[in-house]
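Worksheet for the structure shown next.
The values are calculated or read from the model by the stated rules, or taken from the named source; none is laboratory data. These numbers come from a predicted model, not from an experiment. Please note: Cβ atoms are built from the backbone with ideal geometry, for glycine as well, and neighbour counts cover all protein chains shown. These area figures cover heavy atoms from the full protein model, side chains too; ligands, DNA and RNA do not enter into them. Shrake-Rupley method; radii C 1.70, N 1.55, O 1.52, S 1.80 Å.
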Amino acid sequence: MKALVYNGPGLRSWEEKPEPEIQDPTDVIVRIDSSTICGTDLHILEGDVPEVEPGTILGHEAVGTVVEIGDAVTTLEPGDRVLVSCITSCGRCAFCKEGHYGLCTGGGGWIFGHLIDGLQAEFARVPFADTSVYKIPPELTDEQVLFLADILPTAYEVGVLNGGIGPGDTIAIVGAGPIGLAIVLTAKLYTPGKIIAIDLADSRLEKARELGADVTINSGREDAVGRVLQVTGGFGVDAAIEAVGVPETFELCTEIVRPGGRVANVGVHGHPATLHLETLWIRDVTITTGLVDTVTTPRLLKLIVEGRLDATPFATHRFPLDETMAAYDTFAAAAETDALKVVLEAEPASGKGAERELALVGSND
Ligand SMILES: [Zn+2]
Ligand SMILES: [Zn+2]
């Protein structure tokens, strides 16, 4: 089979790899139907995630079809269409039992395209399948659910829930990339009073407005702190959510939060940031950090089924799976291409996939 392989910092290729096989009885093998690329994949390629071994297949977000199941798998069958999430849960360790799948110590957590082969491939081995994948209702398309694999639960759990967003709250989202925009989308579930989006790129701020931001601030041209204080009557926001991952944006969040407010860090940081306790100690501010657990994936899936949540606007570019290399070029050049998420689409092989395509052709007549 073909797969996108990390061959060391700066080196990726679309190359031939052996098809995955069942290794543990709790595994399934999934044929990948749709996959996507994450900013984290770019960090890996920059060499920022040294535990990723050269030779590893990248990718941790996919929709696929089960083609083979291990002996101990009881809730899945070949032919099932499933969401393969960025987080795997062993279902048995102390952290999984309290819903903290991201902290799994039983062999799960973030493993795809990190500690084991990932999902930008024609097939993938999925460990702990019973407790880690989500069956997809037949009425939903791949694109409607694909972003449940990472950005939606990350935005919702680490941004909106950790940030304690409630009705009427004024919130600031620093960073309007895919995660920041997914925070705009999922924050609206709580009817905040005002959503302020802050970024350096006008095109992303425009997208934030389309998705529901009320105020946008280009922090490259404007004094972000001054503007936030101006629109909040001088107090600052109830919750400031960091969705970039650099020291400046974290520190900005601590400057624009009101006394008694919350700072929720979502960004992946590679460098130390300064915590200004000399000003914060007296302000009763709560700061949270976190990796997604994906414990809310079933709830978000229900919202998509009911038409209350639509993440399809994130799909800005589509490529056939075997053009994953070109998809990386487009995604990595987001400043020029305005890419949010690139969808990698496998050709329908046979069976269900082929039937779906026939139905589509029929409906166009
Ligand atoms: Zn990701
Ligand atoms: Zn576990």
**Report entry** Qualifying residue in the stretch 214-229 (condition: out of contact with any Cys (no Cβ under 7 Å at 6 or more places or on another chain), closer than 25 Å to Leu148 by Cβ and touching a residue at least 24 places away in the same chain (Cβ under 8 Å))
**Finding:** no
Report task. Hey, could you check the stretch 97-124 for residues that are in a loop (DSSP other than H, G, I, E, B) and aliphatic (A, V, I, L, M) and say which is farthest from ligand 2 (Cβ to nearest atom)? Result -> Leu119
Requested in this report: Only residues that are surrounded by fewer than 24 Cβ atoms within 10 Å (Cβ to Cβ) and closer than 21 Å to Gly168 by Cα: list them for the stretch 257-275, please.
Outcome: Arg258, Pro259, Gly260, Arg262
Report summary line: Within the stretch 125-134, of all residues that are open to solvent by less than 40 Å² (accessible area, probe 1.4 Å) and outside any strand (DSSP E or B), the one nearest to ligand 1 (Cβ to nearest atom) is Ser132
Report summary line: Scanning the stretch 62-76 residue by residue, the ones that are open to solvent by 30 Å² or more (accessible area, probe 1.4 Å) and part of a loop (DSSP other than H, G, I, E, B) total 4
Query raised in the report: Within the stretch 82-96, which residues are in a loop (DSSP other than H, G, I, E, B), within 12 Å of ligand 2 (Cβ to nearest atom) and in contact with a helix residue (DSSP H, G or I) (Cβ under 6 Å, 6 or more places away or on another chain)?
Result: Ile87, Ser89, Cys90, Gly91
Report task. Give the number of residues within the stretch 169-188 that are out of contact with any Leu (no Cβ under 8 Å at 6 or more places or on another chain) and open to solvent by less than 10 Å² (accessible area, probe 1.4 Å). Result -> 7
Query - Candidate set: the stretch 141-168, residues that are crowded, with 20+ Cβ neighbours inside 10 Å and in a loop (DSSP other than H, G, I, E, B); chosen: the one farthest from ligand 2 (Cβ to nearest atom) - result: Ile165
Report summary line: Checked Gly47, Gly79, Gly59, Gly10 against criteria (at positive phi, within 16 Å of ligand 1 (Cβ to nearest atom) and assigned to a loop (DSSP other than H, G, I, E, B)); the one match is Gly59
Report summary line: Of the residues in the stretch 82-107, those that are within 16 Å of ligand 1 (Cβ to nearest atom) and open to solvent by 10 Å² or more (accessible area, probe 1.4 Å) number 2
